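S.K.: Attaching a single structure in structure tokens format; questions to follow.
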Amino acid sequence: MRLDGQRESDNVEDLRDQDGGGGGGPAFGGFGMHIGIGTIAIALIGGWIFGINPLTLLGLLSGGGGPVQHSAPYRPPPSQAGQTGQPGQPTAHGQEDPMKRFVSIVLADTEDVWTQVFKDRGGTYRDPTLVLFRNATPTACGRGESATGPFYCPSDEKVYIDLSFYDLLRTKLGAPGDFAQAYVIAHEVGHHVQKLLGISGKVDAARRSASQVRSNALSVRLELQADCFAGIWANKAQATKNLIEAGDIDQALNAASQIGDDTLQRKASGTVQPDTFTHGTSAQRVHWFKQGYETGQIEQCDTFKAGSF
């Protein structure tokens, strides 16, 4: 990505020096907290390290098994002494923190893109806040933990991320690159766009009275639309600021493919159970990101339309 000369967002809240252990309710709040882009990845890592069936973890993380308390299944190794900071590597933070600058620039660009998109549609975009934390932090949706992966809380309109997730994305899931990391933020901001458009509220209401299978299917469509909205961001970012370099889109498509439900389930257990999907297959995630990127139109991201798969 071409980041030189780009502005940084003022809407970044850095809580990495706070202990984050206090209150905030259960770690997983069901429909209130949108399952993050990293949740199925976390389930896979949990299966690898603890021998837990990742399909069981996915049921819990999607609200199917009620709130749970747990320790984070993945801890990135400490940074090497003297190591210079690069996107996806843990660093000391402060004014010269390169990872904070990176996510601030990406967030700022999502702000610019969606402000213009909403303006063109006769609406007003309300910027979300990006919260950086370590290990755990209170949120309006319950206690957020690193083990959840990046997530969006509609109750406080904040995106939460422990930057150690980028190490997992790169080293465990085979999705390196700064644009893959930007895609993660753009996807979570996509959930914020869904809230502002009234989409996520309707879906959450429908899920409350649905069977588990139907609830999962609605979750898949919501997540795929967030992928499509991430593609819209990439389209507009390229058109207005020429941010995208050769290979960037391939990084995003690779990330989308690596964290598809079917790919993760196959890697973890050798079997695929479509009724348990919460985010969509690799092919679906790639398709909907490309749909948003190639069209740049919200109307082309209607994953809820009959036959849209």
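Every read-out reported here was derived from the displayed coordinates using simple, explicitly stated rules and does not represent laboratory data. Source: prediction; values computed, not measured. Here Cβ is always computed from backbone atoms with ideal geometry, including for glycine, and neighbour counts include all displayed protein chains.
S.K.: Please state the charge dipole magnitude for the stretch 157-302, taken about the Cα centre, from unit charges on C-beta atoms (+1 on K and R, -1 on D and E), reported in debye and rounded to the nearest 20.
M.R.: So the magnitude is around 360 debye.
S.K.: Here is a further query. Can you list the residues, at least 5 places off or on another chain, whose amide H is less than 5 Å from the amide H of Ala140, using H built in the peptide plane?
M.R.: Asp156
S.K.: With a cut-off of 8 Å between alpha carbons and a minimum separation of six or more residues, what is the relative contact order of the stretch 163-309 in percent?
M.R.: Contact order relative to length: 30 percent.
S.K.: Pick out, from Asn216, Ala234, Val189, the residue whose Cα sits farthest towards the positive end of the charge dipole of the stretch 159-249, with +1 on the Cβ of Lys and Arg and -1 on the Cβ of Asp and Glu.
M.R.: Comparing the listed Cα positions along the dipole, Asn216 ranks first.
S.K.: Which order, highest average first, do 187-198, 217-228 follow once you tally other Cβ atoms within 10 Å for each residue and take the mean per peptide?
M.R.: Per-residue Cβ counts within 10 Å, averaged per peptide and sorted highest first, yield 217-228, 187-198.
S.K.: Between Asp275 and Ser155, what is the label-to-label distance in nm when each label sits 7 Å out along the Cα-to-Cβ direction?
M.R.: The two pseudo-label positions are separated by 3.1 nm.
S.K.: Return the Rg/Rh value of the stretch 167-309, two decimal places, where both radii are evaluated on C-alpha atoms and Rh is the Kirkwood radius.
M.R.: Rounded to two decimals, Rg over Rh is 0.97.
S.K.: If amide H atoms are built 1.01 Å from N in the plane of the peptide, which residues on other chains or at least 5 residues away come under 5 Å of the amide H of Asp14?
M.R.: Leu132
S.K.: When ranked by the protection proxy of mean other Cβ atoms within 10 Å per residue, highest first, what sequence do the peptides 149-161, 200-212 form?
M.R.: Peptide ranking by packing, descending: 149-161, 200-212.
S.K.: May I ask for the net charge around Gly231, where only other residues with Cβ less than 11 Å from the Cβ of Gly231 are counted and Lys, Arg are +1 while Asp, Glu are -1?
M.R.: Once positives and negatives cancel, what remains is +1.
S.K.: What are the ³J(HN,Hα) couplings of the stretch 225-230, residue after residue, when phi is run through the Karplus curve with 6.51, -1.76, 1.60 and θ = phi - 60°? Round to Hz, x for glycine and proline.
M.R.: In residue order, the calculated couplings are 5, 5, 5, 5, 5, 4 Hz.
S.K.: How large is ³J(HN,Hα) for each residue in the stretch 162-176, as worked out from phi by the Karplus curve 6.51 cos²θ - 1.76 cosθ + 1.60 (θ = phi - 60°), to whole Hz, x for Gly and Pro?
M.R.: These are the phi-based 3J(HN,Hα) values: 8, 5, 5, 4, 5, 5, 4, 4, 7, 8, 9, 10, x, 10, x Hz.
S.K.: Also, quick follow-up: Over the stretch 197-273, with a single point scatterer placed on each C-alpha, what log10 of the ratio I(q)/I(0) does the Debye formula yield at q = 0.13, 0.14 1/Å?
M.R.: -0.58, -0.66
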